[in-house]
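The values are calculated or read from the model by the stated rules, or taken from the named source; none is laboratory data. Keep in mind that this is a model prediction, so the values were computed, not measured. Because the Cβ atoms are built from the backbone with ideal geometry, glycine has one as well, and the counts that use them run over all protein chains shown.
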Amino acid sequence: MKKDSFYLVSQWLKRRQLLLFSGLGLTAIFSKKGQAAAPSLSLAENSVKKFNPSSILQNLLPNTQWQIMTVVNPIRMPEEGGAKAIEPIIITGNTTKPETNNNLITVYCKDTSYLRAGDLLEFQSPADSKFRLSLSPLDSHLWMFVEKINSKTDFTIGLPHTCYDQNGNKSVNSNTCTAYVMTRGDMDGTAENKGVGLGPDRWWRTLKLRFWRDTWASNTKAGSQYSLGIRKTSNEAQFLWCEFNNSNLYLFADVEKIRGRQVVFGAWINHKVKQGLDSWKLFINQFDAQGNLLLSTFSTSGSYTGYQWREVTQLISLEAVKVQVGVEFLGNNNDVYYVSQPVLTYGQYLGEGNYTRQESEFLTGSNNIVPATFFGAKVNFPSSLDGASVNGYKSYGFPLRLYAETNGKIAPTIKRIIMQMEGRCDTTDRSFFIRNQEFGPHIYGIGMYSKVISMMETSAGYITLWNGNMYVYAGNSPENNNWYSVSFDISSYIL
């Protein structure tokens, strides 16, 4: 029996190639011709490029989907080509009273061709005042979220909770007006800090370089919800970069992470308006404590159509106190680019198609955010029950659309936020809670309970979002359940 077993094994080995990697302490069995072979483990340059790092890649860059923009301006969304803003939407009327606690109403217009579900609209005068809630001078008015496109002449939007009156009723009636599709970015160079242009949170750019969060599918690389639109304002080189240094309070950008390490930086770039050879570069620059440039390496674009992948590698010196990785735009004035899926990781080679963002990335924003209608606000809960049973009973509540309430500072792809809230109620035994959505499954967040009349209550913690929204509700009767001086303060995000 043993002899027969040995014979079978020996015959099987004859049909296979047994390769022993004694130096690596590994044994690998490769299939014969016609079957897939294992990847090479050699460290020679040509062999390394065959190795797919996707299973072990760690992206060291923050906010690479451009989801958080807390320090830049509200701007009108550019057209698909990026050269000018989308034409205004001509509003002709709307339904006046939503039928559900979702605050949804139908808006009529002359043409919805330039609208997409998920857009943000800023209504212009003489629209109903509830469409034009006043904000800071920078943002002017609260934007409205487009829930869906119904036809060529009407669409659905969600109203904020302030459309409730003292009795929990809702009513809005707009005059004929115009509305603009909006996004975040900078078109006039006013977003700056000490003369350096601010970009998406934790990114920087040449002061006058125009940029925006772009939502056109044709401008977005597969696997991403957004791209970063770029429009040059000069024939000279202009830059976008992320910086690692030894004084950054945020650990993601600590230069100690990469000192003495070989790193590689890659990104997809689409020079859409005027494509051509050598029209942009990826770069890695490192500096010493005196600000001297220690080393600069770059990779230049080739001749291509659409998105092109490039990457550049560099060994970071132990003397480096600042490292910048980014894109240098070399085209002409008004040239348009789109930037997608930047990656910085350890090693010499990334390879096209190996982008990943940080798993459950934790990002502290450049600025804290207060949703527009939750700054010292009065909150009237609706008088009718919602459709979701919670522990056997229904609640009184409404959705909070953070994408609209922050005027686009927080993208709807955010998974969780860290938030503090405070407020007071003039009646005891009243509640103010937050969960992920109206209907189940429910993931509960934070809440307040009035134990003492008119005493300020506070609560803080994680809130899980549902398509970028959360649900504010009272677990008991809305009678005398009016809360005052209610404020929300959002500081950090799980992307």
Scanning the range 295-317 residue by residue, those modelled with pLDDT of 95 or more and among the aliphatic types (A, V, I, L, M) turn out to be VAL312, LEU315, ILE316
LEU385: free of Cβ contacts under 8 Å to residues at least 12 places away in the same chain and either under 26 Å from SER492 (Cβ atoms) or in the same structural domain as SER485 (by TED's automatic domain parsing) (or both), yes or no?
-> yes
Identify, from the list ASN292, ASN285, the residue that is farther than 21 Å from ASN354 by Cβ, among the polar types (S, T, N, Q), in the same structural domain as LEU228 (by TED's automatic domain parsing) and in contact (Cβ under 8 Å) with a residue 24 or more places away in the chain.
-> ASN285
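The rows are residues; the columns are (1) under 20 Å from GLU147 (Cα atoms); (2) part of a loop (DSSP other than H, G, I, E, B).
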| position | (1), (2) |
| --- | --- |
| PRO412 | yes, yes |
| PRO441 | no, yes |
| GLY445 | no, no |
| LYS451 | no, yes |
| TYR462 | no, no |
The range 397-429: number of residues that are surrounded by 23 or more Cβ atoms within 10 Å (Cβ to Cβ) and over 28 Å from ASP201 (Cβ atoms) = 3
Given the structure, is PHE252 aromatic (Phe, Trp, Tyr), surrounded by 16 or more Cβ atoms within 10 Å (Cβ to Cβ) and at pLDDT 90 or above?
-> no
Tell me which residues, restricted to the range 424-445, are touching a Ser or Thr at 6+ places or on another chain (Cβ under 7 Å) and either under 18 Å from ARG401 (Cβ atoms) or not assigned by TED's automatic domain parsing to the domain that holds PHE375 (or both).
-> ASN436, ILE443, GLY445
Kindly check whether there is at least one residue in the range 62-69 that is part of a loop (DSSP other than H, G, I, E, B) and either at pLDDT below 90 or farther than 23 Å from ALA267 by Cα (or both).
-> no
Do we find that GLY229 is modelled with pLDDT of 95 or more, more than 30 Å from ALA85 (Cβ to Cβ) and within 27 Å of the chain's Cα centre (by Cα) in this structure?
-> no
Positions within the range 319-344 being at pLDDT below 95 and either surrounded by fewer than 20 Cβ atoms within 10 Å (Cβ to Cβ) or not assigned by TED's automatic domain parsing to the domain that holds VAL255 (or both), in sequence order = GLU319, VAL321, LYS322, LEU330, ASN332, ASN333, ASN334
